[in-house]
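Notes follow the structure.
The values are calculated or read from the model by the stated rules, or taken from the named source; none is laboratory data. The shown structure was predicted, so the numbers you read here are calculated from the model rather than taken from an experiment. Surface accessibility is based on the protein's heavy atoms, side chains included, excluding ligands, DNA and RNA. Shrake-Rupley method; radii C 1.70, N 1.55, O 1.52, S 1.80 Å.
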Amino acid sequence: MSGKRTFTMIKPDAVQNGYMGAILNDIIAGGFRVVAMKYTRLTPEKAGEFYAVHRERPFYGELVEYMSSGPIVAAVLEKDNAVESFRKLIGATDPQKAEEGTIRRKYAKSIAANAIHGSDSDENAAIEAAFFFSKLEIFE
Ligand code: UDP
Ligand code: MG
């Protein structure tokens, strides 16, 4: 059975470019309910920890630097089949390959600065939500 929750971050490029409101609109219009939200920033150490699975990839250093370069919006979202449904809403990692109408296609310009994060499994959604939020900060 697939879970009801996923985790997202509106990334520094999207906040910087003024797309925070438009992206939140798309998320809510997509049927997701916000159950936790935070306007915050990642230190390079925290960004490195968050993306630790990509440690060996050639883009890791750049990714950590970029993700700690400015404010982000972290949120926990609720919907049936949340992880898969949200990945569909945001589109492919490379915005040029993302489908028309997806968040990355609309608001991202490069594969690195691609506007938004979405968890890739129920297990990672829970780990990532706990990375940013205490249980008290996640509402039913
Ligand atoms: N990324 C990058 N270059 C690549 C692939 C990924 O800079 O060739 C960055 C991009 O910001 C992406 C993140 O690393 O969102 C995590 O990569 P992943 O493959 O998990 O993509 P996602 O799950 O975000 O679509
Ligand atoms: Mg991923």
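Once you have a ≥ b ≥ c as the square roots of the Cα gyration tensor eigenvalues for the stretch 1-47, tell me rounded if a/c is under 1.5, and otherwise prolate or oblate according to whether a/b is larger than b/c. Verdict is oblate for the stretch 1-47. Centre-to-centre, using Cα atoms only, the stretch 18-64 and the stretch 68-140 are separated by 6 Å. The convex hull of the Cα atoms of the chain, projected and averaged over all directions, covers 8.0 nm².
Ligands, DNA and RNA left out, the 1.4 Å accessible surface of the stretch 66-140 is 54% carbon and sulfur atoms. Normalised by the number of residues in the chain, the mean separation of alpha-carbon contacts (under 8 Å, six or more apart) gives a relative contact order of 38 percent.
What the Cα atoms of the stretch 6-89 give is an Rg and a Dmax of 13.5, 37 Å.
Given springs between every Cα pair under 10 Å in a Gaussian network model of the chain, which of Val76, Val53, Val15 has the largest fluctuation? Residue with maximal mean-square fluctuation among Val76, Val53, Val15: Val53.
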